[in-house]
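Undergrad: The structure is given below, and queries will be raised subsequently.
Read-outs: derived from the displayed coordinates by stated rules, not from any lab. Model, not experiment: these values are computed from the prediction. Cβ coordinates were reconstructed from backbone atoms using ideal geometry, including for glycine residues, and neighbour counts include every protein chain displayed.
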Amino acid sequence: MTRISKSMSSKITKLIQAECCNYISGECLLCSTKCAQIARVKPGNLRSDQAFFICPWFLDAVLPLNKELQQLLLSKKDKRKCANCGRVFIGGSNRAKYCSSCAAIIQKMLKREYAQRKRYNL
Ligand SMILES: [Zn+2]
């Protein structure tokens, strides 16, 4: 079992404080609670479980800003490249082709297409 080291914890915390647009003095704008990602990476916490990246926004938008840290954290995980935007993301399932933000957009598109087809009886 790997535990989060002090230096890793402070690197991640600093990255979030500097780069996360939802982070305002300890609080997360999206969740209106304390930043859950920072709480998760306290030194001594276990690193191996899935909940390490508790914040999808952190994984998607903040972590890629620090390539070194990203590689370190993702090295043992199932990395995938989004088929739409090319960003690296963690595959949730074996069929995951898109990162979370593209998946939402693409699903919306498919739904719209389906509705149109239905309307014109194609
Ligand atoms: Zn994408």
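Undergrad: With θ taken as phi - 60° and the coefficients 6.51, -1.76 and 1.60, list the Karplus ³J(HN,Hα) couplings across region 53-58 in order, rounded to whole Hz; mark glycine and proline as x.
TA: Karplus values, whole Hz, x for Gly and Pro: 8, 6, 10, x, 5, 4.
Undergrad: Now for a different question. To the nearest 10 degrees, how steep is helix 6-19 against the longest Cα principal axis of the chain, on a 0 to 90 scale?
TA: The angle comes out near 50 degrees.
Undergrad: Once phi is turned into ³J(HN,Hα) by the Karplus curve 6.51 cos²θ - 1.76 cosθ + 1.60 with θ = phi - 60°, what whole-Hz value does each residue of region 33-44 show in order, with x for glycine and proline?
TA: Each residue's phi maps through the Karplus curve to give 9, 4, 4, 6, 5, 5, 4, 6, 9, 4, x, x Hz.
Undergrad: Also, I was wondering about something else. How much length is gained if the chain between GLU27 and ASN121 is pulled fully straight, taking 0.36 nm per residue apart and subtracting their Cα-Cα distance, in nm to one decimal?
TA: Using 0.36 nm per residue and subtracting the Cα-Cα distance, I get 28.9 nm.
Undergrad: Taking R0 as 25 Å, what's the FRET efficiency between ALA39 and ARG95 from their Cβ-Cβ distance, rounded to 0.05?
TA: 0.20
Undergrad: Here's something else I'd like to know. With each run of n ≥ 4 DSSP H residues scored as -39500 (n - 2.57), what mean residue ellipticity at 222 nm is computed for the chain after dividing by its residue count and rounding to the nearest 500 deg cm²/dmol?
TA: -12000 deg cm²/dmol
Undergrad: Beta carbons within 10 angstrom, averaged per residue: use that to sort the peptides 104-116, 8-20, highest first.
TA: Going from most to least packed, we get 8-20, 104-116.
Undergrad: Return the long-range amide H neighbours of ASN45 (sequence gap of 5 or more, or a different chain), with a cut-off of under 5 Å between placed amide H atoms.
TA: Amide H to amide H, under 5 Å and 5 or more residues apart or across chains, ASN45 pairs with ILE4.
Undergrad: Right, another one. Tell me the Kirkwood radius of the chain: reciprocal of the mean inverse pair distance over distinct alpha-carbon atoms, in Å.
TA: Evaluated over the chain, this radius sits at 16.1 Å.
Undergrad: Over the chain, what is the relative contact order in percent, taking alpha-carbon pairs closer than 8 angstrom and at least six residues apart?
TA: RCO, the chain: 19 percent.
Undergrad: For LYS97, go through the lysines and keep the ones whose alpha-carbon is under 16 Å away, minus same-chain ones fewer than eight residues off.
TA: Counting by Cα, and skipping residues close in sequence, LYS97 has these lysines nearby: LYS77, LYS79, LYS81, LYS108.
Undergrad: Follow-up question, since we're still on this one. Any idea how far apart SER5 and ALA104 come out in nm if each label point goes 7 Å out from Cα toward Cβ?
TA: Going by the 7 Å Cα→Cβ label model, 3.5 nm.
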